[in-house]
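K.L.:
I am attaching a structure below and will ask some questions about it afterwards.
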Amino acid sequence: MSGMYILLGLGLAGLAALWAKMMPQRLHLLKPAMTLGAIASLGYGVFIGTFFYAEPGFKYHVRTILGEEKMVADVGYNTYLFGRYNAWKNAMSVQSTYGGVGNLSAEAEGTGGDVSANLGPQILVFLDQVDSEVTATTRFELPDDEDSFLRLARQFRTPENLLRTELIPAFQETLGATASLMAAEEYFSGGRTEFNNEFQIQMRLGIYIVERREVVRTTSRHQVGTANVALGEDQQEFGDDRQVVFVVEKLLDETGQPRRKPQNFGQFGISVITARVTNVDPNERFKNRMQQKQDAAAARSVAREQRIQEEEQRLLAIAKGEREVAERQAEAKVIQIERTTEAETEKQLTITEALKFREQAAIEKDRSEILLEKARIDADAVRVSAEAEAFAKRQILQADNALAQKLDAEIEIQKLWAAAYAQRQVPQYVFGAGGGAGDPGSPPTGSDAETRLLQQLLTMEYAKRLDYQRTIASAASSQ
């Protein structure tokens, strides 16, 4: 481009000189303008042949006319001295999306390119032979040091060659190697994060060197046939409990680390910034199988929930029964406690009353003993007093033969007879003889003389009983 502008300037200058010789009268006015244009064209050609503008986000491989080769990473105008240069992005991306146009679609390195390579979905085969469409993205960073960059630029010459011959194959190979480490069922059963992590590690550090083996495993779950209804629950086992599975084992080195096949782009100083698997779309047969498995899992989940519900209902019924029993036991216990408390209270009251009664009885006993002792003392005193009095009376009686008492008794007898005589019932007039037939001189019957006679006789009788002499003895005789 710069050479074209230089040639254009030289041509304009020569044409202006030729026209000036051929037509000097008419072209003397055009000569300055043509000379100025030639100078401008020549200067612009020299400028663009010497300088170029470095865009941000790019590195430039510059080859000058003098054979100098260098890397330009500064933004702004830089010289290339009529040589050649091409732009390399600081970071290049490789994507596989549903909008990609093919496995070898790589855009030219222009300043407006958003991605470096846009591939279609990659067909991968997982460990369990399930093919899937996978979309992923990886971004590579080109080296910053000049030696590594110049070696990269000399090796691949253009960014398109780097993408087609190194980055895209590494991207595809690493995706396939990652898919061979895991079964599709494992991926969709929670292994998505592990798959993405393995892909990123292998893109950065290298692909694992693995060994694929067939392993026979024995399942712990026995399958039981249910076709024979006559056997009831004692069904016969059917099927084989052995299962053949494929196992991929990573080979280890002497230090115990996984052996790897290094990424070839790493020797040129290219590093992986990020690597992600964005989507995995398995084939329809696997989707149907997963749907059936999901339906079976849903049915098992529903059955499990129903079983849990039934178990909860059973536990609820048991809990209700236990609660009712507990309530009854609590009520009975309350009644028992009340009765026990009342009985204990009554027992304590009875014991207290008995203790009180016993104490009262002991007090009464002590009191009775005191009273008995007092009575004994009093009795002894009375006895002593009585004995003394009896002794005195006995002495008195012995002295006068109890004359005073005898006289008192006779006086009482006379009082009684006098009272009886005074109250006797006699008629005012008595008719009868003056004496009895046998004794003419005796008083008449029922007269006062007869009464006095009876009184005298009785008095003599009682005096005889009292045994005392009514006559007063003389002093000599008494002595």
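The values are calculated or read from the model by the stated rules, or taken from the named source; none is laboratory data. Predicted model, so just to flag it, every value in this text is computed and none were measured. Heads up, the Cβs are rebuilt from the backbone with ideal geometry, glycines too, and the neighbour counts pull from every protein chain shown.
K.L.:
Scan segment 416-428 and tell me whether some residue there is of a type in the set (Lys, Arg) and either modelled with pLDDT of 75 or more or surrounded by 10 or more Cβ atoms within 10 Å (Cβ to Cβ) (or both).
P.N.:
Step one: list which residues in segment 416-428 are of a type in the set (Lys, Arg), which gives 424.
Still in the list and also either modelled with pLDDT of 75 or more or surrounded by 10 or more Cβ atoms within 10 Å (Cβ to Cβ) (or both): none.
Checking segment 416-428: not a single residue is of a type in the set (Lys, Arg) and either modelled with pLDDT of 75 or more or surrounded by 10 or more Cβ atoms within 10 Å (Cβ to Cβ) (or both).
K.L.:
Right, here's the next one. Assigned to a helix (DSSP H, G or I), of a type in the set (A, V, I, L, M, F, W, C), buried (at least 16 other Cβ atoms within 10 Å of the Cβ) and modelled with pLDDT under 90, is that true of PHE188? Give the steps one after another, and end with the answer.
P.N.:
On the way: assigned to a helix (DSSP H, G or I): yes; of a type in the set (A, V, I, L, M, F, W, C): yes; buried (at least 16 other Cβ atoms within 10 Å of the Cβ): yes; modelled with pLDDT under 90: yes.
Spelling it out, PHE188 is indeed assigned to a helix (DSSP H, G or I), of a type in the set (A, V, I, L, M, F, W, C), buried (at least 16 other Cβ atoms within 10 Å of the Cβ) and modelled with pLDDT under 90.
K.L.:
Could you list, in sequence order, all residues of segment 240-291 that are in a helix (DSSP H, G or I), in the same structural domain as LEU163 (by TED's automatic domain parsing) and among the polar types (S, T, N, Q)?
P.N.:
ASN264, GLN267
K.L.:
Name the residues in segment 188-212 that are under 15 Å from VAL248 (Cα atoms) and in contact with a helix residue (DSSP H, G or I) (Cβ under 6 Å, 6 or more places away or on another chain), would you?
P.N.:
Result: PHE195, GLU198, ILE207.
Residue-wise test of (1) loosely packed, with under 13 Cβ neighbours inside 10 Å; (2) among the aliphatic types (A, V, I, L, M); (3) at pLDDT 85 or above.
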site	(1), (2), (3)
ILE65	yes, yes, no
MET71	no, yes, no
THR79	no, no, no
GLN95	no, no, yes
TYR98	yes, no, yes
VAL101	yes, yes, no
LEU104	yes, yes, no
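K.L.:
Would you confirm whether any residue within segment 280-303 is within 30 Å of LEU142 (Cα to Cα) and either touching a residue at least 40 places away in the same chain (Cβ under 8 Å) or out of contact with any Pro (no Cβ under 7 Å at 6 or more places or on another chain) (or both)? Even if it seems obvious, please write down each step before you answer.
P.N.:
As a first pass, look at segment 280-303 and keep what is within 30 Å of LEU142 (Cα to Cα): 280.
Add one more test, that the residue is either touching a residue at least 40 places away in the same chain (Cβ under 8 Å) or out of contact with any Pro (no Cβ under 7 Å at 6 or more places or on another chain) (or both), and what stays is 280.
The answer is yes, given that some residue of segment 280-303 is within 30 Å of LEU142 (Cα to Cα) and either touching a residue at least 40 places away in the same chain (Cβ under 8 Å) or out of contact with any Pro (no Cβ under 7 Å at 6 or more places or on another chain) (or both).
K.L.:
Something else about it: Could you list, ordered by first residue, the pairs with Cβ atoms under 8 Å in which the first is in segment 262-273 and surrounded by 14 or more Cβ atoms within 10 Å (Cβ to Cβ) and the second is aromatic (Phe, Trp, Tyr) and part of a helix (DSSP H, G or I), at least 6 apart or interchain?
P.N.:
Qualifying pairs under 8 Å: GLY269/PHE149.
K.L.:
From the list ILE168, ILE201, ILE207, which residue is without any contact (Cβ under 8 Å) to a residue 12 or more places away in the chain, buried (at least 17 other Cβ atoms within 10 Å of the Cβ) and assigned by TED's automatic domain parsing to the domain that holds GLY256? Break it down into steps so the answer makes sense when it comes.
P.N.:
Numbers: ILE168 fails: without any contact (Cβ under 8 Å) to a residue 12 or more places away in the chain; ILE207 fails: without any contact (Cβ under 8 Å) to a residue 12 or more places away in the chain.
Exactly one residue qualifies, and that residue is ILE201.
K.L.:
Going through segment 141-165 one residue at a time, which ones are in contact with a Phe, Trp or Tyr (Cβ under 7 Å, 6 or more places away or on another chain), crowded, with 16+ Cβ neighbours inside 10 Å and not aliphatic (A, V, I, L, M)?
P.N.:
PRO143, SER148, PRO159
K.L.:
Which condition number does THR193 fail, the rest of (1) surrounded by 15 or more Cβ atoms within 10 Å (Cβ to Cβ); (2) at pLDDT 90 or above; (3) part of a helix (DSSP H, G or I) being met?
P.N.:
(1)
K.L.:
Does at least one position in segment 312-319 carry a residue that is part of a helix (DSSP H, G or I) and of a type in the set (Gly, Ala, Ser)?
P.N.:
In the first step, residues of segment 312-319 are kept if they are part of a helix (DSSP H, G or I); the result is 312-319.
Within this subset, residues satisfying the condition of being of a type in the set (Gly, Ala, Ser) are 317, 319.
Looking through segment 312-319, at least one residue is part of a helix (DSSP H, G or I) and of a type in the set (Gly, Ala, Ser).
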